[in-house]
Amino acid sequence: WFDYLNNGNQRALETLLAAETFGAIADAAGPRDTQAWHARVQAHTAAIHAAWTTLVPGNHHDFITGTALDAVYENEQLPRLAAALAQSEAARTSACTEIAAAIRPRASDGDATVVVFNSLGFARHGLVEVPGSAPAATGSRDREQTSAEGGRLFLARLPSLGYATEERARTAPDATGRASLEVTPDGAMAVLENAALRATLRQDAGWGIVSLVDKRAG
């Protein structure tokens, strides 16, 4: 119980903090229609306040430690955490949708514009998955791969507490250098190499790495 309650509370908390961050960004997009803008800001504020109201009791020492009776755990604590997470996710999705809608789409090729968000308080470099089969920007398709679920995977670099379109988020092609793969004629050994490392794998070692060389240090 403790693990589930603690992890559930943490997940809802992180989602709600992201909703606050992106909500502030969405609010700052600029009021084209002042009345509509005020209504939107009020809606964001109300949704986030409601989520906090649902979540905060979960920090109580008799809640988060998992010491409650079965009936309390099942009928009060679990539903409250589920509601807090649902409210937080809805607020975050609403803010992200408004930000994405305010971004000027690509005009030339008609492809959808993909926006990547980072809710962490530090810059992040990692793998991004785009669900479905949305096409990549022209010239970027050689720097991605297909996921097991049929989506697209690519590396992205994002600022802290911010977002970027796919074109700006993508890691530059030469950021990690080119990599090569060489396989011996008998197929028993493979060598993977880039500017920094050379790794040798052998079939008779269960395709484990039998040699790993730091090229800079030798």
Looking at region 179-210, which of its residues are open to solvent by 90 Å² or more (accessible area, probe 1.4 Å) and part of a loop (DSSP other than H, G, I, E, B)? 185, 186, 207
What single numbered condition from (1) assigned to a helix (DSSP H, G or I); (2) surrounded by 11 or more Cβ atoms within 10 Å (Cβ to Cβ); (3) of a type outside the set (D, E, K, R) fails to hold for residue 36? (2)
When (1) open to solvent by 50 Å² or more (accessible area, probe 1.4 Å); (2) modelled with pLDDT of 85 or more; (3) over 26 Å from residue 163 (Cβ atoms) are applied to residue 93, the one that fails is (3)
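To keep it simple, each residue is scored yes or no on (1) open to solvent by less than 80 Å² (accessible area, probe 1.4 Å); (2) polar (S, T, N, Q); (3) outside any helix (DSSP H, G or I).
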position: 22; (1), (2), (3): yes, no, no
position: 46; (1), (2), (3): yes, no, no
position: 49; (1), (2), (3): no, no, no
position: 58; (1), (2), (3): yes, no, no
position: 68; (1), (2), (3): yes, no, yes
position: 71; (1), (2), (3): yes, no, no
position: 79; (1), (2), (3): yes, no, no
position: 82; (1), (2), (3): yes, no, no
Just to verify a result, which residue in region 119-155, among those that are among the acidic types (Asp, Glu) and either within 21 Å of residue 93 (Cα to Cα) or open to solvent by 60 Å² or more (accessible area, probe 1.4 Å) (or both), is modelled with the highest pLDDT? 129
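The values are calculated or read from the model by the stated rules, or taken from the named source; none is laboratory data. It should be emphasised that the depicted structure is a prediction, and the values quoted were computed from it without experimental measurement. Don't worry about glycine lacking a Cβ; one is built from the backbone with ideal geometry, like all the others, and counts go over all protein chains shown. Surface areas here come from the heavy atoms of the whole protein model, side chains and all, with no ligands, DNA or RNA. Shrake-Rupley method; radii C 1.70, N 1.55, O 1.52, S 1.80 Å.
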